[in-house]
Amino acid sequence: MKKLLLKDKKAMSEVIGVVLLIIITVGIAILVYNYLELLVPKEKPECPDGISLTVKKAVCSLNSTSSTVEGNITIIIENRGRFAVDGAYIRVGPANRKVRELINKNNLYFEESGGLIPENTFSKIYNFSDSQIISAGENVLEVEPFIGPPGKAAICENAIVSYPINCQP
């Protein structure tokens with residue numbers, strides 16, 4: 001009889017061990033789920049239909065020396081959409097390249113508070129001194145708008161505007 005009781009106690013401790021492992025595993029899973037839920041943003045920013053920027057005017061001038069190419073691009077952008085646009089990625093490069101260089105790295109946002117509202121224009125002169133950015137002849141100016149504050153901006157991939165620009169020394 002004593003042998004049966006000893007076997008039962010050993011079996012009982014194994015069952016308790018398995019139950020404790022399951023409880024600990026479920027507890028850790030709940031903690032990890034709650035932690036990851038905090039990291040994932042609740043709402044994804046989206047760019048609404050009706051965002052439309054146009055390039056009214058773009059003028060490029062080059063000053064090339066034997067070692068460098070310097071110049072500037074004057075751009076006038078108009079918001080012809082239904083919503084205010086907070087900023088834009090403005091890229092320029094040779095027409096035969098798909099990847100273009102960002103020329104407004106330091107100021108992606110439009111200066112006005114509330115962004116560029118519909119029917120208003122934005123003008124800016126961008127200076128550059130890198131021969132890799134632009135070349136003499138046919139180039140393409142690309143404007144990709146976005147809305148939203150830094151870190152939560154929604155990029156409007158369907159509203160990219162390309163504008164041919166001819167740069168001459």
Collect the residues in the stretch 51-93 that are surrounded by fewer than 17 Cβ atoms within 10 Å (Cβ to Cβ) and small (Gly, Ala, Ser), keeping them in residue-number order.
SER61, SER64, SER66, SER67, ALA84
Within the stretch 89-101, identify whether any single residue is aliphatic (A, V, I, L, M) and outside any strand (DSSP E or B), and answer yes or no.
yes
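Just to verify a result, which residue in the stretch 48-71, among those that are part of a strand (DSSP E or B) and within 20 Å of GLY87 (Cα to Cα), is nearest to the chain's Cα centre (by Cα)?
Filtering the stretch 48-71 for residues that are part of a strand (DSSP E or B) and within 20 Å of GLY87 (Cα to Cα), the one nearest to the chain's Cα centre (by Cα) comes out as LEU53.
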Determine, yes or no, whether VAL99 is aliphatic (A, V, I, L, M) and without any contact (Cβ under 8 Å) to a residue 24 or more places away in the chain.
yes
For the stretch 110-125, how many residues are hydroxyl-bearing (Ser, Thr, Tyr) and either at pLDDT 85 or above or in contact with a His (Cβ under 6 Å, 6 or more places away or on another chain) (or both)?
2
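Please determine, by comparing only the residues of the stretch 94-116 that are under 16 Å from ALA159 (Cβ atoms) and of a type in the set (A, V, I, L, M, F, W, C), which one is surrounded by the most Cβ atoms within 10 Å (Cβ to Cβ).
Just the residues of the stretch 94-116 that are under 16 Å from ALA159 (Cβ atoms), to begin with: 108, 110, 115-116.
When the remaining residues are screened for being of a type in the set (A, V, I, L, M, F, W, C), the result is 108, 110, 116.
Details: LEU108: 15, PHE110: 21, LEU116: 24.
Restricting to residues being under 16 Å from ALA159 (Cβ atoms) and of a type in the set (A, V, I, L, M, F, W, C), the top hit is LEU116.
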Of residues in the stretch 130-165 being among the polar types (S, T, N, Q) and either modelled with pLDDT of 85 or more or not assigned by TED's automatic domain parsing to the domain that holds ILE73 (or both), the one farthest from SER61 (Cα to Cα)
ASN158
Search result, residues across the stretch 139-154 that are surrounded by 15 or more Cβ atoms within 10 Å (Cβ to Cβ) and under 15 Å from PHE110 (Cβ atoms)
VAL143, GLU144, PRO145, PHE146, ILE147, GLY148, ALA153
Qualifying residue in the stretch 36-44 (condition: exposed (fewer than 10 other Cβ atoms within 10 Å of the Cβ), out of contact with any strand residue (DSSP E or B) (no Cβ under 8 Å at 6 or more places or on another chain), over 30 Å from PRO164 (Cβ atoms) and modelled with pLDDT of 90 or more):
yes
Apart from one, (1) over 16 Å from ILE51 (Cβ atoms); (2) assigned to a strand (DSSP E or B); (3) without any contact (Cβ under 8 Å) to a residue 40 or more places away in the chain all hold for ASN106; the odd one out is (2)
Top-ranked residue in the stretch 134-169 [being assigned to a loop (DSSP other than H, G, I, E, B) and under 21 Å from the mean Cα position of the chain (by Cα); ranked as nearest to LEU102 (Cα to Cα)]
ILE160
Residue tally, condition under 18 Å from CYS167 (Cβ atoms) and among the basic types (Lys, Arg), over the stretch 57-82:
1
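The values are calculated or read from the model by the stated rules, or taken from the named source; none is laboratory data. These numbers come from a predicted model, not from an experiment. FYI the Cβ positions are ideal-geometry reconstructions off the backbone, even for glycines, and counts take in every protein chain you see.
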